[in-house]
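The structure appears right after this line, and notes come after that.
The values are calculated or read from the model by the stated rules, or taken from the named source; none is laboratory data. All values reported here derive from a predicted model rather than from experimental measurement. Counting neighbours? That spans all protein chains shown, and the Cβs are built from the backbone with ideal geometry, glycine included. Surface accessibility is based on the protein's heavy atoms, side chains included, excluding ligands, DNA and RNA. Shrake-Rupley method; radii C 1.70, N 1.55, O 1.52, S 1.80 Å.
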Amino acid sequence: MKEQGNVFYREKKYDDALCCWGSALGALPDRTSPLAITIRSNSIMAYLASDLYERVVKESTLLLEDDPRHAKSLARRGTAREKLASNRGSSATFQQRKEFHNQAVEDMNTCIELLNSNSETDPGQERLKRECEQSLERLSKLDDDYYTRIAENLDNSSNRDNIDSGLGRYLSMNLTPLGEHPRIPKSSMRFEMLAVRLMAALETTQRISVVNAKTGEEAAETKLDYSERGKDILNQILTTAAQVPFCLFPATGSTVRCPPITVHLLAFYMRTCLSEKAWKEFKIEEFCEEATSQIISDDEAYAIATHGYHEVEDRHSPLHGHGKAFAQSARGCMPCCFRLTRGGAKDWAAGLQQAVHFGKIEGAAFVLNRLLERIDGKSLVPTMLESDQAGCNTMMHAANDMNSGFSWLSIRMLVHAASFSTVDPTEKEMAVRTVLNKSDNFGFTPALASCSLVNKATMETFAQVGARLHDKRINGKQLSKMVKMHNSIMRQFDSMGEDIANLTRALKATSDELCSYCGRSPEKKLLSCGRCFLAKYCSGVCQKKHYKKHKFVCSSAKVDQDLDWFASNVSAPRP
C-alpha cells in the first residue's frame, strides 16, 4: 500500500495517496517505527501539496513529539507556517499571522542547526538546508512588507470613520491578494495607486526613533504627521480641477453639490487635469513615497485600488446577488466592476450610460479611466456614442439625470474626457461637438432633452460647455416635425423667469461669441473676465450679475478644506 501511495503522489493524486498511506499506517502495530515515521512524513508532504497548512502543522507537531530530530517535518511545518503567515489559505488574524511568522523562523533555524550537526553529507540534506535558507530570506522580506508597518504606523486615533472603514479594514483584515491581472496591469493603475496612498496619508503618523550620536542609544521617539501635508496636496489637486477650463469640482463656498472624493474620481483628476508643471509643483509622487512607503507596498496599493482579493471577489459574486454586467455594477459597486473586468466583461458603454444616468460619479470615473487607458483597445469617443435600445447615448443619459445632483459633473467629465482623448486640435473640437450634440432616434439632442425636462442644472451646464439644441453638421437637416416640437418646447419657457430665458437664449444661439450671463450675441466686442479671460460679457452689468456663480469656476476659484471635511467626504475603497 505504501508503494501504491507513492505512485499516486507522483501522479498528483494526493487524496488517493493519503488513502493508501492511511491504510498502510493502520496495519502497523507501532506508529513510531521507522516505516511508520516514513509514511507519516509522506502524508505530511501530501497535505502540504494540497494546501492544507493547518493539518501540516498538526501532523508535523505530532511526528516531532515521536522523533524530535526529524528534519523534514521541521522544514515542512516551517513552510506551512510561512504560508499561513503570508496570508495564503489562512483564516488567521493579524496577530496570529505574526505569530506564525515567528514560529516559521524558529522551525527553519532549528532545522538548519539539526542538519549542520549531522556529520554525514547527504545531497538530500543539502537541498533541504538550501530550501530552509530560502524560506528564511522570504520570511525576512515578509516581515518588512507585511507586519510591523501596518498596525504600528497607522494612527487611527482620530474619528475618521470613512477612511478607517476602507483602507484601515483592507490593511488589517486577513485577505488573499489575487495578484496583477493582464487586463488591469499596474502601469494602467498608476493614478489609482497614488490616490490610495494619498488617502492613507490623511491618517498616517510614522514613529521614528532618534538615536544619540555619541552613545548610539535611542534617545527619543518622534512622530511625523503627514495628514496636514496630504490635505494640502488634495486641496491643490481639487483646486486645479475646480478652475476653468475643467470646472470639475465645486470651489469652496459653492452651492453645487459636492461629490464624494473616491479613488477613481481622484485618479481621473490626476490623469486628465494635472500638467507636467503641476506634477513637479505639487510633488505628489515624492510625498506618497515618503509618507506611505512604510505602510502600503505597491502590491497592496494595487490590490486595494482594484479590490483584488480572493475573499472580496467571492463576496461580490453573482451567487451572492451581485451584478453580472457593468450596466448593474457601474452604478456604484467597485469590487464588482473589477471582478467583471478580470472576468472579461466588455459592456463598457452600458456601464457608463447607467453610471451617469443615476449620477454614480465613482462608476463613471472608473469606466472613463479604463477607456482612457485603452482597455481592450477600445476608443473613448465611439464608446460614449454607442446607443441603447432607445437610441440614447451616454450624454443623453447624463441629460436625463434629474435626481442625483451630479448631472453637472457627469456632463463636464464626459466633455473633458472626450477632449483629453486626442491631441489634435481639429479632432478634439469634433470629438467634443459630436459627444455634446449627437441626437437620439427621435431627433432629440442632449441639450433639447434637458429643456424638455426643464432640468435647469443640466441646461446651465450645457450652455456653459457650448452644447446646441440642434447641430446640422453632426445630425444633418432637422425634420419638419422636430422643428415644430422644438418651437413648442421653447415657447413654454417664455413665462418661466429670467434665468430660464437666459439659458434658452444661450442654447438657441449658434455663435461662440455669446455673453456668459444673458446668452446674447451683441454687435460690439465682448468684454473678457480679467482673471480667466474665458468668460465674456456684453456689459459690466452682466459681468456683475454673473460673478456670484462665475467666481466658483474662475481661475481665482479655490478649494480649501480642513481634515475634518476630508474625513467626511473622502470615500476610501471598501471590501
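The table that follows gives values for the structure above.
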| read-out | value |
| --- | --- |
| Candidate lysines - alpha carbon under 21 Å from Lys58, same-chain residues fewer than 8 apart omitted | Lys72, Lys83, Lys98 |
| Probe 1.4 Å, all protein chains present, accessible-area order of Arg257, Arg412, Arg468, Arg331, largest first | Arg257, Arg331, Arg468, Arg412 |
| The range 420-484, dipole about Cα centre (Lys/Arg Cβ +1, Asp/Glu Cβ -1), debye to the nearest 20 | 360 debye |
| Hz values of 3J(HN,Hα) by residue in the range 425-432 - Karplus curve (6.51, -1.76, 1.60), Gly and Pro given as x | x, 5, 5, 4, 5, 5, 5, 5 |
| Directionally averaged projected area (convex hull, Cα atoms, the range 360-432), nm² | 5.2 nm² |
| Theoretical ellipticity at 222 nm over the chain - DSSP helices of four or more residues, -39500 (n - 2.57) apiece, nearest 500 | -17000 deg cm²/dmol |
| Mean Cα-pair separation over length for the chain, i.e. relative contact order, pairs under 8 Å, 6 or more apart, % | 13 percent |
| Folded to 0 to 90 degrees: helix 94-117 orientation relative to the chain principal axis, Cα | 40 degrees |
| Amide H partners (placed H, <5 Å) of Ile261, local residues excluded | Val570, Ser571 |
| Largest to smallest accessible area among Glu289, Glu133 [probe 1.4 Å] | Glu289, Glu133 |
| Degrees separating the helix 540-550 axis from the principal Cα axis of the chain, which is the longest one | 20 degrees |
| The chain, dipole about Cα centre (Lys/Arg Cβ +1, Asp/Glu Cβ -1), debye to the nearest 20 | 3380 debye |
| Cα-based helix-to-principal-axis angle, 14-26 vs the chain, degrees rounded to 10 | 30 degrees |
| Percentage relative contact order, the range 386-494, counting C-alpha pairs under 8 Å, at least six apart | 27 percent |
| Nearest-20 debye value, the range 1-109 charge dipole, Cβ charges on Lys, Arg, Asp, Glu | 260 debye |
| Cα pair count fraction exceeding 23 Å, expressed as % - the range 300-401 | 23 percent |
| Amide H partners (placed H, <5 Å) of Phe406, local residues excluded | none |
| Rule-of-thumb Rg ratio for the range 10-134 [Cα; 2.2 N^0.38 Å; N residues] | 1.07 |
| Debye-sum result for the range 220-310 in log10 I(q)/I(0), which assumes one identical scatterer on each alpha carbon, at q = 0.20, 0.22 Å⁻¹ | -1.11, -1.24 |
| Per residue accessible area in Å² of the chain, where ligands, DNA and RNA are left out and the probe is 1.4 Å | 48 Å² |
| Sites matching trypsin sites (Lys or Arg not before Pro) across the range 522-556 that sit in DSSP coil, with at most 13 neighbouring C-beta atoms within 10 Å | Lys524, Lys525 |
| Sequence of Val541, Val432 when ordered by accessible area, the most exposed leading, probe 1.4 angstrom | Val541, Val432 |
| Whole-number D in µm² s⁻¹ for the chain, Kirkwood Cα-pair radius fed into Stokes-Einstein, 20 °C, 1.002 mPa s | 77 µm²/s |
| Amide proton proximity set for Tyr309, modelled H, under 5 Å, gap of 5+ | Leu178 |
| Cα-Cα over 22 Å, subset of Lys378/Lys428; Lys360/Lys456; Lys456/Lys524; Lys283/Lys549; Lys438/Lys524; Lys231/Lys456 | Lys456/Lys524; Lys283/Lys549; Lys438/Lys524; Lys231/Lys456 |
